[in-house]
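Notes follow the structure.
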Amino acid sequence: MIGRVDRYAVRVDVSAKIEAWEKPSLIAVANDHARVLLVTAATKQAAARLVATGDEPAQYALLAVLTYLAVLPDLDHLSSITLDRDYSGQVAERRVLRRLLGLLRRQLPKLKASALRMDNIAGSQADRLARAAYRGLRRPDGEIRLEEIAALL
């Protein structure tokens with residue numbers, strides 16, 4: 001079929017929680033297409049200072065921004081995004097997903113909020129990839145830099 005765009009769902013997981021400011025984090029996106037991106041501790045710390053506001057923990061904003069950057073190469077093909085539930089509670093989930101939706105709608109204005117969710121994805125390909133990269137068993141496919149994060153804020 002000419003012009004047909006295959007769509008797929010992805011799962012996203014982060015190894016070393018974002019608020020572990022002294023450690024690098026690895027963010028994995030997986031389904032038919034998989035990648036792991038490194039975010040150094042220095043980048044996380046500098047980015048946290050950029051997003052610091054009195055009303056929202058920096059890790060929520062950074063999770064949304066890092067997820068957006070990680071899925072950006074697949075935007076034209078995504079049907080849904082499931083993030084690992086690292087932050088439980090409706091307030092945390094709502095803040096992360098609302099910010100991520102705002103970023104995604106810059107490119108996909110008709111994207112429905114229902115395409116995004118948080119769930120426990122332990123044991124998924126994204127979880128395994130993020131853990132393997134964090135343990136040094138897999139090389140990251142790239143690195144998210146502070147300039148990329150700053151450009152979205």
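The values are calculated or read from the model by the stated rules, or taken from the named source; none is laboratory data. Everything numeric here is computed off the predicted structure, so don't read it as measured data. Here the Cβ positions follow ideal geometry from the backbone for every residue, glycine too, while neighbour counts run over all protein chains shown. Only protein heavy atoms, including side chains, enter the accessible area calculation; ligands, DNA and RNA are left aside. Shrake-Rupley method; radii C 1.70, N 1.55, O 1.52, S 1.80 Å.
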- Item | Total charge dipole magnitude, the chain, about the Cα centre, Cβ charges on Lys, Arg, Asp, Glu only, Debye to nearest 20 | 200 debye
- Whole Å is fine, so just give me how far the alpha carbon centre of region 113-152 lies from that of region 17-64. 9 Å
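Nearest-5 percent of antiparallel DSSP beta bridges in the chain?
Roughly 50 percent of the beta bridges in the chain run antiparallel, per DSSP.
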- Ranked highest first by average number of other Cβ atoms within 10 Å, how do 23-29, 44-50 line up? 23-29, 44-50
- Item | region 4-153, accessible surface, carbon-and-sulfur percent (1.4 angstrom probe) | 47 percent
- Message: I'd like to know which of Gln107, Ile121, Leu137 lies farthest towards the positive end of the charge dipole of region 98-138, counting +1 on Cβ of Lys and Arg and -1 on Cβ of Asp and Glu.
- Response: Gln107
- Task: Report which label in (i) 39; (ii) 43; (iii) 31 holds the value of percent of Cα pairs over 23 Å apart derived from the coordinates of this structure.
- Result: (iii)
- Note on the structure: For the chain, the per residue accessible area (1.4 Å probe, Å²) is 53 Å²
